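Beneath this line is the structure, given in structure tokens, with notes to follow.
The values are calculated or read from the model by the stated rules, or taken from the named source; none is laboratory data. It should be emphasised that the depicted structure is a prediction, and the values quoted were computed from it without experimental measurement. Neighbour counts run over all protein chains shown; Cβ positions are idealised from the backbone, glycine included. Quick note on the areas: whole protein, heavy atoms, side chains included, nothing else; ligands and nucleic acids left out. Shrake-Rupley method; radii C 1.70, N 1.55, O 1.52, S 1.80 Å.
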Amino acid sequence: MTSSVGDSRFSGALLGRNGDYLLGWALDNRNPDALVVIDVCGDGQWLGTVRAGHHMPVKQAELPDSAQGHFFIFPVPRYVWQGVARIDARISNHDHCLPGSVFTRLEADRPLPSQTDYVENDGSLRLWGWAWDLMEPQAQLSVRVYEGDSLLAECEAKEPSAEPEADSGNGVAHGFSLTLPFSLADGRVHEVRVVTASGKPLAGSPLRVFLPAGVKSWAAALALPDDDRRILSAMMERYVWHVPVSMDFSAYPVWRRKFAAASPAHSDTMPVLVAVIGAGDISVTIDSLLSQTHSNWEAWVLSAPARQPAKDARILYVDAGQWLQRIKQGPNHFAGILSFVEAGDVLLDDALAELARPFAEQQVNVVYSDCEYLGSDGRIMPWFKPDWDPDLFLAATPLHYLFGVRAQLIATASQALQDPNAWPWLAVRAVGDEVASIRHIAKVLYRRCAPQQPEHAQAMHACDEVLAAGMQRLPGEHRPPRLSWPQPAEWPKVTLIIPTRDKADLLRRCIDSLAGTDYPHLDIIVMDNDSAEPQALSYLEQLASRGGAVRVEPYPGTFNFSAINNRGVQLAEGELIGLINNDIEALDAGWLKTMVTHLLRPGVGAVGAKLLWPNGMVQHAGVVLGLHGLVGHIGNNWYRDDPGYFDYNRITRSVSAVTGACLLCRRADYLAVGGLDETDFPVNFNDVDFCLKLRSLGKRIVWTPDATLLHAESASRGKDKQPDRRSRLAREKDKFMQKWRHWIIDDPYYNPNLNLENYSHAGLAMPPRGRALAESDYPALRENQQQTRTDE
């Protein structure tokens, strides 16, 4: 019972069943510190994967001491227990089964440890993990953090978590994240204990926390020659980047006090006309205007419930006709900036100064900022927006709060000009494709006191005027409005390319699900990379004998995801190419039409879909550059239908990249950028590299939630745990960093105030990252990258 079948390298056993949970343990004798990954199979079919990395609080006499810390718990759905006769477990990517099988109709429950849990951090002030009681899976546990006997922080484990071990199988969330006090950021190493309310340590505890205090300030204060100082400053910037630190959003008030720096010196030469609209508390809004560090402003109160004595000569109570006529007189009368604020909302002291500054550049016509709002729980929370993204902004109007536009740009507009809520739409229509003229200030300048923006009929009409021919703005049911793009008169042919090796069960589910796709011109190329399992060979033979839309092409030799797909594209007949993993399953018939519709839009280079793990959580909602120090998926802590960060899980958006597990592009574009890089990125990062190459040509990458598929991530290839795979992964990481280092530090679709470790959009960067680049800098970057490749 203490060694795996056929290989003395591993120890472990499948212990049995308790309730709806499968229990066991596994240890790699060569590397006892490694977490062994287990594949669970029912009647020979893969059911899921689990890590053997838990502690057992209750000692079981029949198990050796070495089993401690290598326990696994796998939740099995009730329908599987009822439909499967035998369950086995084996080491992932090895042909070695753990001793013991569970015969579901005969197996009796075994004694079960009382709890499973885990905690980790990256050395910073932020901790995350999960904790739940196996005997009471509905209960949510309290997690406490101590240094010595001092309680530092406490929270409930009730957040969603993408880790399979955090799933109790009943829909209750058991994840947590918390931020430790700033007092620990003193340059010393602190050891903290993380325990439940009953005092039981979580797996992974104790943890060490180390945060250098003012490392950049220390470097700047050294007496050094100028050249040495510049080199050291660059090193410190890179150090801070590679050691991402964050806080959770509950710490926003103290974060804002610490990092909201005052604006630099400014000139008041740019006049700003602020329209105050709505029926809220005008007095707080007027007080915030009177506190502005920018003095060259004038406020026109348009819809006050009752006229009040003006506190300042710059505040006027006017009718809509008066100010509309003045604005339309053009630059000879008013050549400044138009902005607006809802009565009851508040401008931060430097808001107008920050808003006016970018307009000193002649090319800038529209400026918008981040804002904060009052949440339903009474807490003030930030809305950190991306740089200009037409899909997101036309659907969700985040140009509002705070927004500014040159008066001349919209002075000749239609009657929609009477409603300031329509100004952003009018500005977007006037700007057109001149993206460089829209500037984002990644700072909170506006406090929204209402939880949501009301709908404005004229504003929506102005939005409709912005939309391209055939587009519609559809109201959402329990979701934000959705933009509907016109479908083509004739659907172009699509070729889906599916690399595979063995794993007949995965490929069969993939092919069967794709058979239900309602796309009229579709063919599939299965690229077989040396399958050897009898079941796989039999199924591939069946596919080949069918003929028709599915064909099988051999690709022998070492697994190289990039080379396999490049060969598939050479063989493809479709005008459009779809890269599809063999562990993908389509969930609805219309997914491909949705993706093709977006791809055929002007300027779009690639389209990605919403991918779900088998447990219903989001595996992929786009890629963020810089996450985890390199790249990472958006949305791993969101459920399928969660809104996500400001509805990002339900709105079509621009992103820096999408995963090659389900990616659609034009064949011509694929060939134009040289396809996937077979040399530097044979397995990892080839998809992100490909998307960045498309972006360097001026193409946009679009992710849509309206195409949703299932993805058993790495189920076919396994994780990169073996030494040779780890070595290859390290080389690919290094190559990717060298090639795209300037782009990694500045993702235009991810606000520099947001975290870069753990889940995306889940916390506050500490400190906020500086905006190193703008979209207009990309041509210079391309020249820099070409020079870099020449130098190498």
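Of the candidates Val245, Val284, Val254, the single residue that is at pLDDT below 85, of a type in the set (Val, Ile, Thr) and open to solvent by 40 Å² or more (accessible area, probe 1.4 Å) is Val254. Please specify each residue of the stretch 55-80 satisfying the condition of being modelled with pLDDT of 75 or more and within 25 Å of Asn615 (Cβ to Cβ). Of everything in the stretch 55-80, those that are modelled with pLDDT of 75 or more and within 25 Å of Asn615 (Cβ to Cβ) turn out to be Gly69, His70, Phe71, Phe72, Ile73, Phe74, Pro75, Val76, Pro77, Val80. Counting only residues that are out of contact with any strand residue (DSSP E or B) (no Cβ under 8 Å at 6 or more places or on another chain), small (Gly, Ala, Ser), in a helix (DSSP H, G or I) and closer than 22 Å to Asp687 by Cβ, how many does the stretch 517-574 have? Total meeting the criteria: 2. Within the stretch 81-95, no residue satisfies the criterion of being more than 35 Å from the chain's Cα centre (by Cα), crowded, with 18+ Cβ neighbours inside 10 Å and either part of a helix (DSSP H, G or I) or modelled with pLDDT under 80 (or both). The condition of being assigned to a helix (DSSP H, G or I), touching a Phe, Trp or Tyr at 6+ places or on another chain (Cβ under 6 Å), among the β-branched types (Val, Ile, Thr) and open to solvent by less than 20 Å² (accessible area, probe 1.4 Å) does not hold for Ile577.
Among the residues of the stretch 630-644, those that are within 18 Å of Asp706 (Cβ to Cβ) and surrounded by fewer than 22 Cβ atoms within 10 Å (Cβ to Cβ) comprise Tyr639, Arg640, Asp641, Asp642, Pro643, Gly644. Ser545 satisfies every condition listed in (1) surrounded by fewer than 19 Cβ atoms within 10 Å (Cβ to Cβ); (2) within 20 Å of Leu663 (Cβ to Cβ); (3) of a type in the set (S, T, N, Q) except (2).
Got a sec? Which of Val569, Val624, Val655, Val618 is among the β-branched types (Val, Ile, Thr), open to solvent by less than 20 Å² (accessible area, probe 1.4 Å) and within 24 Å of Ala504 (Cα to Cα)?
Val569
Taken over the stretch 502-534, the residue count meeting the criterion of being among the aliphatic types (A, V, I, L, M) and open to solvent by 30 Å² or more (accessible area, probe 1.4 Å) is 3.
For Asp391, state whether it is over 30 Å from Val254 (Cβ atoms), in contact with a strand residue (DSSP E or B) (Cβ under 7 Å, 6 or more places away or on another chain) and either among the basic types (Lys, Arg) or modelled with pLDDT under 90 (or both). It is true that Asp391 is over 30 Å from Val254 (Cβ atoms), in contact with a strand residue (DSSP E or B) (Cβ under 7 Å, 6 or more places away or on another chain) and either among the basic types (Lys, Arg) or modelled with pLDDT under 90 (or both).
Listed here are the residues, each with its yes/no results for (1) under 29 Å from the mean Cα position of the chain (by Cα); (2) at pLDDT 85 or above; (3) among the basic types (Lys, Arg).
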position: Leu106; (1), (2), (3): no, no, no
position: Leu112; (1), (2), (3): no, no, no
position: Tyr118; (1), (2), (3): yes, yes, no
position: Leu141; (1), (2), (3): yes, yes, no
position: Ala153; (1), (2), (3): yes, yes, no
position: Pro164; (1), (2), (3): yes, no, no
position: Gly169; (1), (2), (3): yes, no, no
position: Gly175; (1), (2), (3): yes, yes, no
position: Thr179; (1), (2), (3): yes, no, no
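Among the numbered criteria (1) open to solvent by less than 10 Å² (accessible area, probe 1.4 Å); (2) at pLDDT 90 or above, which one does Trp323 miss? Condition not satisfied by Trp323: (2).
Here is the figure for the stretch 627-640: residues that are over 21 Å from Lys593 (Cα atoms) and not in a strand (DSSP E or B) total 9.
Answer yes or no as to whether Arg771 is among the basic types (Lys, Arg), in a helix (DSSP H, G or I), open to solvent by 30 Å² or more (accessible area, probe 1.4 Å) and at pLDDT below 90. Against the criterion (among the basic types (Lys, Arg), in a helix (DSSP H, G or I), open to solvent by 30 Å² or more (accessible area, probe 1.4 Å) and at pLDDT below 90), Arg771 does not qualify.
Table: residues versus (1) under 12 Å from the mean Cα position of the chain (by Cα); (2) in a loop (DSSP other than H, G, I, E, B); (3) not small (Gly, Ala, Ser).
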residue	(1), (2), (3)
Asn582	no, yes, yes
Asp588	no, yes, yes
Pro614	no, yes, yes
Gln619	yes, no, yes
Arg650	no, yes, yes
Ser654	yes, no, no
Gly660	no, yes, no
